[in-house]
Amino acid sequence: MTFKETKLKGCFVLEPNVFSDNRGYFLESFNKEMFNRGIGNTVNFVQDNQSFSLKGVIRALHYQIGDRAQAKLVRVLSGIVLDVAVDLRKDSVTFGEHIAVELTHENKKQLFIPRGFAHGFVVLSDSAEFFYKCDNYYNKASEGGIIFNDPTLNIDWKLPADQYKVSEKDLVLPPLEKARL
């Protein structure tokens, strides 16, 4: 597996070694020792989550604060998503900047998002199954969010706005400048 750090320090794109033949393929999607060595840190994942979404669904931009902050390792089992991470670390030189990575069942890439980031994605294919590991349990009292279309973030979600499907909860999230950090 190769680990490529993005412009956001601590955020990595992981590309697995895929072994294919006429029967199909095999890959190792996670190996704790290799993962921790690859990111240069120790992360202990405690929870796995999976979602299924239709084209145009935007689930964004979510995070947890304080002692309940979460690091995530995300991947796509089927379909295509544009995955987005936003740096919310106040002391970071890239505070408020984001990256967007296309994750697909074909490229099998994963994205590691450390604590201190907001995370979200949009489904670009007809549907997608999304899977992610978290290093901390979900805690409602610690959750925060930023509206997906915050003009200061200027995220290109790669679809026309009339195709967006956003939950009522996500539609009322604040902009970055008013977010609970």
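So here's what we get for this one:
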read-out	value
Nearby aspartates and glutamates by direct alpha-carbon distance to K9 (threshold 16 angstrom, same-chain neighbours under 8 apart not counted)	D87, D91, E97
Integer Hz, Karplus 6.51/-1.76/1.60 couplings in order for the stretch 151-166, x for Gly and Pro	x, 6, 7, 6, 7, 8, 7, 6, 9, x, 4, 6, 9, 5, 10, 10
The stretch 40-125: trypsin sites (Lys or Arg not before Pro) in DSSP coil with no more than 12 other Cβ atoms inside 10 Å	K90
Rounded to whole Hz, the Karplus (6.51, -1.76, 1.60) HN-Hα couplings of the stretch 2-12, x for glycine and proline	9, 10, 10, 6, 8, 5, 9, 3, x, 9, 10
Percentage relative contact order, the chain, counting C-alpha pairs under 8 Å, at least six apart	29 percent
Rounded to whole Hz, the Karplus (6.51, -1.76, 1.60) HN-Hα couplings of the stretch 30-42, x for glycine and proline	7, 9, 4, 4, 5, 4, 4, 5, x, 9, x, 7, 10
Positive-pole candidate from P160, G40, F52, dipole of the stretch 2-178, charges at beta carbon	G40
The stretch 117-158 versus the stretch 28-51: alpha-carbon centroid distance in Å	19 Å
Residues whose placed amide H lies under 5 Å from that of A71, excluding near-sequence neighbours	R115, D135, N136
Built amide H within the under 5 Å cut-off of K165, gap 5+	V57, I58
Dipole moment magnitude, nearest 20 debye, the stretch 1-113 about Cα centre, only Lys, Arg, Asp, Glu C-beta charged	140 debye
Most to least packed among 96-107, 123-134, 14-25, 157-168 [average Cβ atoms within 10 Å]	123-134, 96-107, 157-168, 14-25
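Each value in this text was obtained by applying a stated rule to the coordinates, not by laboratory testing. Keep in mind that what you see is a predicted model, and the values were worked out from it rather than measured. Neighbour counts run over all protein chains shown; Cβ positions are idealised from the backbone, glycine included.
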